[in-house]
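> Sharing a structure with you now.
The values are calculated or read from the model by the stated rules, or taken from the named source; none is laboratory data. Being a predicted model, the structure only gives us computed values, none of them experimental. Using ideal geometry, Cβ is built from the backbone for each residue, glycine included, and neighbour counts are taken over all protein chains shown.
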Amino acid sequence: MMIPNATTVAALAALLLAATGCGSSPSGAPYSRSSADAPSNRKALAGTYYYEGGDSGGYQKITLTLRSDGTYTKVLNAAVPGLSGLGGTHSGTWTASGTSVTLSGDGNFPAFTHDLSAFRKIG
């Protein structure tokens, strides 16, 4: 059985997220702080969010905790036909613009933007 490395997992997760419409990769342009990312709005968005979805190409379950101090923890469980056990837990900082939340990524997962309207707030 092949065990994918972190880069493969991140690439497959990004592909799966794009295919299910849950998020999109950032453009690569520097993210500018906006009034939507002000501390008062971070406090309003702070909480735990859940997403579950997929199709015949795979599925994903995401638990995303956004903290009012601008930090996050994301737990990703994903499966793609032929591979199992994709995902992991990572943390970093987040910024927001409207319902879009951009996660900074870390050494194992790339930066990523999620549309929170696809998530259900659970806490």
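> Of everything in segment 70-101, what is under 17 Å from L45 (Cα atoms) and free of Cβ contacts under 8 Å to residues at least 24 places away in the same chain? Give them in sequence order.
Answer for segment 70-101, where residues must be under 17 Å from L45 (Cα atoms) and free of Cβ contacts under 8 Å to residues at least 24 places away in the same chain: T71, T73, S91, G92, T93, T99, S100.
> Does A78 qualify as being at pLDDT 75 or above and among the aliphatic types (A, V, I, L, M)? First the steps, then the outcome.
Details: at pLDDT 75 or above: yes; among the aliphatic types (A, V, I, L, M): yes.
Criteria met by A78.
> If L17 meets every condition in (1) within 18 Å of R120 (Cβ to Cβ); (2) surrounded by fewer than 17 Cβ atoms within 10 Å (Cβ to Cβ); (3) among the aliphatic types (A, V, I, L, M); (4) modelled with pLDDT under 50 apart from one, which number is that one?
Here L17 clears every test but (2).
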